[in-house]
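Q: Sharing a structure below in structure tokens format, with a few things to ask.
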2 protein chains.
Amino acid sequence: MRSVAIVGVGLIGGSFGLALRKAGFRGEITGVSSPATIEKAVQAGAIDRGESLEQACVHADLILLAAPIARIIEQLPRVMALARHDAIVTDAGSTKRAICAAAASARGRARFVGGHPMAGKETRGVESAEASLFAGRPWILCGAERDDAVNAMFEWAERAGANPLLMTAEEHDRVIAAASHLPQMVSTALAAALARRPDAAAVAANAGPGLTGMTRLALSGADIWQDIASTNRDEILGCLDALGAELAGLRQRVDAGTIAEPFAAAAGFARKVRER
Amino acid sequence: MRSVAIVGVGLIGGSFGLALRKAGFRGEITGVSSPATIEKAVQAGAIDRGESLEQACVHADLILLAAPIARIIEQLPRVMALARHDAIVTDAGSTKRAICAAAASARGRARFVGGHPMAGKETRGVESAEASLFAGRPWILCGAERDDAVNAMFEWAERAGANPLLMTAEEHDRVIAAASHLPQMVSTALAAALARRPDAAAVAANAGPGLTGMTRLALSGADIWQDIASTNRDEILGCLDALGAELAGLRQRVDAGTIAEPFAAAAGFARKVRER
């Protein structure tokens, strides 16, 4: 029976433990987190017990790094050095190039497969963890080909209920900049621009479902996004430039009274998002 | 018992008829629309019968113009000329300055009170009408003060379940440009920018709840928005300029790794939207 160590037992790490248990996994699941978090995670049934990072690394068959990006990058050299030669180390960070590069330059014989489960919710922490968080959601795994380690991670992701798919770290960061990081920046810029108006209170008071939906992502804290922005800067800047050009074009079209083309292009894309 | 004429029996007009009936209004409700729409509206119970615009104007106590903005502006001179001196003419257009100006320059003795019920849904037409569409939603009425006609419209809006509030047409167009028109333009620009990427299909396939929510408004057709953009151009351009400046600032901050300030401002505004 294999054993799993979850390093950083928050929403994602805790949900992974719960999902494995729900799927019938009977091996040991340990957690590396603060004592308070370990207590909550054990109570929730997400892990069996807590241990130190060192202890976790030397015995686990699968090590999931589920802390914030900067912390994962900081942990990787030690984890890769301590992990068993037949262990698989993976992670759940929202950007992949910096993490995969850190793993590649670390010394050790364990195999690293970067990952990004495309799941989440508005609340954080193991208190919000749920066994069905990954159900039916994409779980991106990074690699050039389906080698043994990637195949093993496909199985773990499927066991958690997700739909694993393979792409390179470069592809991941480019596509996710557009599908996730840009929408966040747009929601934040919209809400920040409205916050600076002298009549911001009247605007908020007259918000309909449209503005409410468009400012949902803007509730996000800067802390996680600081990490994402600093490890995917070039792709995010490229997306912001493309959006800036699109907005400038739309401004001209509003001025000229000819908005049909961008509205049609946008509606086509919005329908494609909903076709899946 | 007073009589109501609804000119343009679509989602808004039909829902107004249904809401009045649900609230116990027993006067006659007539509709001015195409024969096919009239048939559906009578079947739905939104109106009692159809009639011509001329017939409606000469007998109704309340005339609600609920067609698209350009059509309302076109109908206003005839409606104001034909309406009874003690009738109230109102409308449900999404911008107010152009409509109120058209009403002010029309000849006739009826009193005009411009209005904008802040309600809607993704589907259109009388088929989508529902008695509860206005329940608890703001219904903006335009005027400088609470005169008799405005007071009468407050009562009609309350009867339909809405929360009426008074502002000038200028205030309306400025606040609603920010609360409604800008979010639409932002959603459209985001979806159009993504539509133009060579990897648009991969981006759509990897959309999470964030991108899905941010592209919901982008499903809107250009037809209504053409009217809105042309009758609120200056305010929308001002909003787009402010957003462009905010995005340029955010771009610099992503580049410099210091995104905390706009994220905090945005989160504060997003919470304010949800406080109501």
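Q: Could you list, in sequence order, the residues of segment A:222-247 that are more than 7 Å from chain B (Cβ to nearest Cβ), farther than 20 Å from A:A191 by Cβ and in a helix (DSSP H, G or I)? It would help to see each step written out before you state the result.
A: Let us first name the residues in segment A:222-247 that are more than 7 Å from chain B (Cβ to nearest Cβ), namely A:223-224, A:227-228, A:231-232, A:234-235, A:238-239, A:241, A:245.
In the following step, the residues that additionally are farther than 20 Å from A:A191 by Cβ were identified as A:227, A:231-232, A:234-235, A:238, A:241, A:245.
Once the filter is applied, which keeps residues that are more than 7 Å from chain B (Cβ to nearest Cβ), farther than 20 Å from A:A191 by Cβ and in a helix (DSSP H, G or I), segment A:222-247 yields A:D227, A:T231, A:D234, A:E235, A:G238, A:D241, A:A245.
Q: Which residues, counting only those in segment A:158-174, are assigned to a helix (DSSP H, G or I) and crowded, with 24+ Cβ neighbours inside 10 Å?
A: As a first pass, look at segment A:158-174 and keep what is assigned to a helix (DSSP H, G or I): A:158-159, A:169-174.
Answer for segment A:158-174, where residues must be assigned to a helix (DSSP H, G or I) and crowded, with 24+ Cβ neighbours inside 10 Å: A:H172, A:D173.
Q: Still on this structure: Of all residues being modelled with pLDDT of 95 or more and not in a helix (DSSP H, G or I) in segment A:180-221, which is most open to solvent (accessible area, probe 1.4 Å)? Just the residue, please.
A: The residue in question is A:P198.
Q: When residues of segment B:9-38 are filtered for being among the β-branched types (V, I, T) and in contact with a Ser or Thr (Cβ under 6 Å, 6 or more places away or on another chain), how many remain?
A: Residues that pass the stated criteria total 1.
Q: Go through (1) within 16 Å of A:H181 (Cα to Cα); (2) touching a residue at least 40 places away in the same chain (Cβ under 8 Å) and name the single condition B:Q252 misses.
A: Status for B:Q252: all satisfied but (2).
Q: Of the numbered conditions (1) at pLDDT below 95; (2) open to solvent by 20 Å² or more (accessible area, probe 1.4 Å), B:E51 satisfies every one except a single condition; which is it?
A: (1)
Q: Please tell me if A:E261 is assigned to a helix (DSSP H, G or I), more than 8 Å from every other protein chain (Cβ to nearest Cβ), over 24 Å from B:R251 (Cα atoms) and in contact with a helix residue (DSSP H, G or I) (Cβ under 9 Å, 6 or more places away or on another chain).
A: Judged against the criteria, A:E261 is a match.
Q: Further question: How many residues are within 24 Å of B:G136 (Cα to Cα), within 22 Å of the chain's Cα centre (by Cα) and not hydrophobic (A, V, I, L, M, F, W, C) if we restrict to segment B:23-33?
A: Of the residues in segment B:23-33, 0 are within 24 Å of B:G136 (Cα to Cα), within 22 Å of the chain's Cα centre (by Cα) and not hydrophobic (A, V, I, L, M, F, W, C).
Q: In this structure, is B:A177 more than 8 Å from chain A (Cβ to nearest Cβ), in a helix (DSSP H, G or I) and in contact with an Asp or Glu (Cβ under 6 Å, 6 or more places away or on another chain)? Explain how you work it out, then say what you get.
A: On the way: more than 8 Å from chain A (Cβ to nearest Cβ): yes; in a helix (DSSP H, G or I): yes; in contact with an Asp or Glu (Cβ under 6 Å, 6 or more places away or on another chain): yes.
When the stated conditions are applied, B:A177 passes them.
Q: Follow-up question, since we're still on this one. Taking A:E74, is it open to solvent by 10 Å² or more (accessible area, probe 1.4 Å) and over 27 Å from A:M167 (Cβ atoms)? Show your work before the answer.
A: Values: open to solvent by 10 Å² or more (accessible area, probe 1.4 Å): yes; over 27 Å from A:M167 (Cβ atoms): no.
Here the answer is no, as A:E74 does not meet what is asked.
Q: Based on this model, can you work out whether B:L211 counts as within 13 Å of chain A (Cβ to nearest Cβ), hydrophobic (A, V, I, L, M, F, W, C) and touching a residue at least 24 places away in the same chain (Cβ under 8 Å)?
A: Considered against the rule, which asks whether it is within 13 Å of chain A (Cβ to nearest Cβ), hydrophobic (A, V, I, L, M, F, W, C) and touching a residue at least 24 places away in the same chain (Cβ under 8 Å), B:L211 comes out as no.
Q: Identify all residues within segment B:115-151 that are in a helix (DSSP H, G or I) and open to solvent by 60 Å² or more (accessible area, probe 1.4 Å); write none if there are none. Working first, answer last.
A: Residues of segment B:115-151 that are in a helix (DSSP H, G or I), as a first pass: B:126-128, B:148-151.
Across segment B:115-151, the qualifying residues are B:E127, B:D148.
Q: Are there any pairs, at least 6 apart or on different chains, whose C-beta atoms fall under 7 Å, with the first in segment A:52-66 and free of Cβ contacts under 8 Å to residues at least 60 places away in the same chain and the second surrounded by fewer than 15 Cβ atoms within 10 Å (Cβ to Cβ), and if so, which?
A: What qualifies is A:L53/A:R78; A:D61/A:R2.
Q: Would you pick out the residues in segment B:93-114 that are more than 14 Å from chain A (Cβ to nearest Cβ) and open to solvent by less than 40 Å² (accessible area, probe 1.4 Å)?
A: Answer for segment B:93-114, where residues must be more than 14 Å from chain A (Cβ to nearest Cβ) and open to solvent by less than 40 Å² (accessible area, probe 1.4 Å): B:G93, B:I99, B:C100, B:A102, B:A103, B:A106, B:A110, B:V113, B:G114.
Q: Could you tell me which numbered condition A:A205 fails, if it satisfies all but one of (1) at negative phi; (2) free of Cβ contacts under 8 Å to residues at least 60 places away in the same chain; (3) facing another protein chain (nearest Cβ under 7 Å); (4) in contact with a helix residue (DSSP H, G or I) (Cβ under 7 Å, 6 or more places away or on another chain)?
A: Tallying (1) at negative phi; (2) free of Cβ contacts under 8 Å to residues at least 60 places away in the same chain; (3) facing another protein chain (nearest Cβ under 7 Å); (4) in contact with a helix residue (DSSP H, G or I) (Cβ under 7 Å, 6 or more places away or on another chain), A:A205 fails exactly one: (4).
Q: Just give me the residues in segment A:222-260 being among the acidic types (D, E) and either modelled with pLDDT of 95 or more or surrounded by 15 or more Cβ atoms within 10 Å (Cβ to Cβ) (or both), in sequence order.
A: A:D227, A:D234, A:E235, A:D241, A:E246, A:D255
Q: Name every residue in segment A:151-163 that is away from chain B (no Cβ under 13 Å) and under 20 Å from A:I12 (Cβ atoms), in order of residue number.
A: Matches in segment A:151-163: A:A152, A:M153, A:F154, A:E155, A:W156, A:A157, A:E158, A:R159, A:A160, A:G161.
Q: Okay, moving on. Exactly one condition in (1) more than 15 Å from the chain's Cα centre (by Cα); (2) under 25 Å from A:A218 (Cβ atoms) is false for A:A104; which is it?
A: (2)
Q: Quick one: which helices (runs of 4 or more DSSP H) lie wholly within segment B:9-75 and hold at least 2 residues that are farther than 25 Å from B:A149 by Cβ?
A: So the answer is B:35-44.
The values are calculated or read from the model by the stated rules, or taken from the named source; none is laboratory data. All of these numbers come straight from a predicted model, not from anything done at the bench. Cβ atoms come from the backbone with ideal geometry, glycine included; neighbour counts cover every protein chain shown. With ligands, DNA and RNA removed, areas are computed over all heavy atoms of the protein, side chains included. Shrake-Rupley method; radii C 1.70, N 1.55, O 1.52, S 1.80 Å.
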